[in-house]
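Q: What follows is a structure written as structure tokens; I'll ask about it next.
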Amino acid sequence: MKILYVSTEGTPFAKAGGLADVIGALPYAVAQKGHDTAIMMPYYKSIRDKWKYEVKYLTSTIVTVGWRKQYAGIFYLNHKGVTVYFIDNEFYFGTDKIYSYGDYEAERTAFFNRAVLESIRLLDVTFDILHLNDWQTAMISLLLKEQYKNKKEYEGFYDNIKTVFTIHNLKYQGIYEPSVLPDLFSLSMDYMAIDKLEFFGRANFMKAGLVYSDKITTVSNTYKEEIRNPFFGENLDGVINMRSMDLYGIVNGLDELEYDPKSDKSIYVNFGIRDIEKKKDNKKNLQKQLDLDINENAPVVAMISRLVSQKGFDLVRRVFDDLMSFNIQFIVLGTGEEQYENFFEDAHTRYYGKVASIIRFDEQMARKIYAGSDMFLMPSLAEPCGISQLIAMRYGTIPIVRAVGGLRDTVTQYDPQKETGNGYLFQNYNAHEMAHTVYLACQTYKDQEKWLKLVKRAMKTDFSWDSAAIQYINVYERTIN
């Protein structure tokens, strides 16, 4: 099969979140199974600056965005055996910003979606499947079916192309005023119907992906079931239930070459299961760099996350003093809502030597924290899949998570009697239940023999992309047949 992955981000070229990690791994894993895969994404300024000597110009076309005629350059490079195509336009992508353009984002999205469809006609390959990702690419499904298929001027080029749409996070949907449909997409207002794009009087791009794509996937099996209910469904559970026969849940994998404590140049000391004692050197160096007390007996609990309520920071704030009474050290890395940034800055002052607050995004520092911490806390209200718990286990750091979404699918409860499981889970979105679970982990930590066995078991957990790639291939085959 020939599959084109369409995304607004992808490692190592541009990253804003977990979607980039998926695009930086899944196409390569599927290619290793014998299929032809390629990626198409915007040609941001940051990519142009860093990769300009590797990227080559292919061709260009003119894209219609409502009444506007816009240039779209097509560039490409071969990366680890996969062709990566970049859509170039200085007006839309001549910046390092991937998102956060307000209403202007709709026009940017319209250009990219139509540019993808216009560009694939100019390539030397005809794709069987366009694999679309999140609302920023969702309108491609609608445009393909309603404007490009069965049109004489295209000579049947698009007629056999199918779409698979992946929901990475249903919370973000791309909702705009109805006027964007005629103005940006040349669509009539007939599409503002309840069975099409209408969403409380506005146009919903995510809904286009749900209604018009041939198959739909999401990033864990538990999340697939959760979004069929109102609490997690973000007012789209009705549409999702209508498409339930075409909905699949596939847990994301982890790029085990990219995240490998044996070879990661970002951490203090490389280590693996066979020389696990070197993890203590990472902890000691981390404590030293962050001005924490050098204390091997104090478990280091870390959070690396956007500081937003969905990630459970209200729970942490509620019982923070209780957590600190367990003789732990606490590290938080990330940016987000001001209330949480201020809280952790204050905690850093109140618990100097025991709390480190790093209010920025720093990939190198994140790696050091994964390698040097003992426990990783993810008390999420919702978590479609999550990658942090996978990275944590890969680096021998035990996850403490709420049993929700992909966290439930990847972390198994530690049983001290049977010596099974790779982490700790709590069920309810409750601060005291979370605190009690941290306490149980701290009690186990005191028995270093048991703790070491748990750490090694977590590190042995298989989260390679191999299994996910096979499941996606099955979905692609069902889509075509």
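Q: If you go through the range 444-481, how many residues are β-branched (Val, Ile, Thr) and either touching a Phe, Trp or Tyr at 6+ places or on another chain (Cβ under 7 Å) or not in a helix (DSSP H, G or I) (or both)?
A: Of the residues in that region, 3 qualify.
Q: Between a first residue in the range 327-356 that is not assigned by TED's automatic domain parsing to the domain that holds ALA435 and a second residue that is outside any helix (DSSP H, G or I), which pairs have beta carbons less than 8 Å apart while being 6 or more apart in sequence or on different chains?
A: none
Q: Collect the residues in the range 180-214 that are under 24 Å from LYS224 (Cβ atoms) and of a type in the set (Ser, Thr, Tyr), keeping them in residue-number order.
A: TYR212, SER213
Q: Quick one: in the range 355-376, of everything that is closer than 22 Å to LYS278 by Cα, of a type outside the set (Gly, Ala, Ser) and not in a helix (DSSP H, G or I), which residue is nearest to the chain's Cα centre (by Cα)?
A: Among those residues, the one meeting the criterion is PHE376.
Q: Just a yes or no: is a residue in the range 241-264 of a type in the set (A, V, I, L, M, F, W, C), farther than 23 Å from ALA469 by Cβ and buried (at least 17 other Cβ atoms within 10 Å of the Cβ)?
A: The answer is no, given that none of the residues of the range 241-264 is of a type in the set (A, V, I, L, M, F, W, C), farther than 23 Å from ALA469 by Cβ and buried (at least 17 other Cβ atoms within 10 Å of the Cβ).
Q: Given the conditions (1) in contact with a Gly (Cβ under 6 Å, 6 or more places away or on another chain); (2) modelled with pLDDT under 95; (3) among the small types (Gly, Ala, Ser), and given that SER60 satisfies all but one, which numbered condition is not satisfied?
A: Result: SER60 passes all but (2).
Q: For the range 427-443, which positions are assigned to a helix (DSSP H, G or I), among the polar types (S, T, N, Q) and in contact (Cβ under 8 Å) with a residue 24 or more places away in the chain?
A: Matches in the range 427-443: THR437 only.
Q: Starting from residues that are of a type in the set (A, V, I, L, M) and either assigned to a strand (DSSP E or B) or at positive phi (or both), keep the ones in the range 192-231 and report whichever is surrounded by the most Cβ atoms within 10 Å (Cβ to Cβ).
A: ALA203
Q: Okay, next question. Give the residue that is surrounded by the fewest Cβ atoms within 10 Å (Cβ to Cβ), with candidates limited to residues of the range 146-161 that are of a type in the set (Lys, Arg) and over 20 Å from MET1 (Cβ atoms).
A: So, considering only residues that are of a type in the set (Lys, Arg) and over 20 Å from MET1 (Cβ atoms), the one surrounded by the fewest Cβ atoms within 10 Å (Cβ to Cβ) is LYS152.
Q: Moving on. Out of all the residues in the range 162-191, which are crowded, with 19+ Cβ neighbours inside 10 Å and in a loop (DSSP other than H, G, I, E, B)?
A: HIS168, ASN169, LEU170, GLN173, GLY174, LEU187
Q: Oh, and also: Exactly one condition in (1) touching a residue at least 60 places away in the same chain (Cβ under 8 Å); (2) closer than 27 Å to ASN428 by Cα; (3) not in a strand (DSSP E or B) is false for ALA302; which is it?
A: All conditions pass for ALA302, except number (3).
Q: Let me ask another. Of these, ASP346, ASP374, which one is out of contact with any Gly (no Cβ under 7 Å at 6 or more places or on another chain), more than 29 Å from ASN270 (Cα to Cα) and among the charged types (D, E, K, R)?
A: Checking each option against the conditions leaves just ASP346.
Q: Those residues that are over 30 Å from LYS262 (Cβ atoms) and small (Gly, Ala, Ser), I need them from the range 358-396; list them, please.
A: The one that is over 30 Å from LYS262 (Cβ atoms) and small (Gly, Ala, Ser): ALA382.
Q: Please work out if VAL300 is β-branched (Val, Ile, Thr), on the phi < 0 side of the Ramachandran plot and in the same structural domain as MET365 (by TED's automatic domain parsing).
A: yes
Q: Here's another thing I want to ask about it. Taking only the range 133-161 into account, find how many residues are within 21 Å of TYR472 (Cα to Cα) and either part of a helix (DSSP H, G or I) or of a type outside the set (Asp, Glu) (or both).
A: Number of matching residues: 9.
Q: Hey, among the residues in the range 1-44 that are among the hydrophobic types (A, V, I, L, M, F, W, C) and assigned to a loop (DSSP other than H, G, I, E, B), which one's nearest to the chain's Cα centre (by Cα)?
A: Applying the filter and picking the extreme gives ALA16.
Q: Does at least one position in the range 36-44 carry a residue that is of a type in the set (D, E, K, R), touching a strand residue (DSSP E or B) at 6+ places or on another chain (Cβ under 8 Å), at pLDDT 95 or above and over 18 Å from GLU107 (Cα atoms)?
A: Within the range 36-44, one or more residues are of a type in the set (D, E, K, R), touching a strand residue (DSSP E or B) at 6+ places or on another chain (Cβ under 8 Å), at pLDDT 95 or above and over 18 Å from GLU107 (Cα atoms).
Q: Looking at ASN160, ASN133, which one is in the same structural domain as GLY249 (by TED's automatic domain parsing) and either under 18 Å from LEU19 (Cα atoms) or among the aliphatic types (A, V, I, L, M) (or both)?
A: Result: ASN133 is the single residue among ASN160, ASN133 that is in the same structural domain as GLY249 (by TED's automatic domain parsing) and either under 18 Å from LEU19 (Cα atoms) or among the aliphatic types (A, V, I, L, M) (or both).
The values are calculated or read from the model by the stated rules, or taken from the named source; none is laboratory data. Every value quoted in this text rests on a predicted model; they were computed, and no experiment measured them. In this analysis, Cβ positions are derived from the backbone assuming ideal geometry, glycine residues included, and neighbour counts consider all displayed protein chains.
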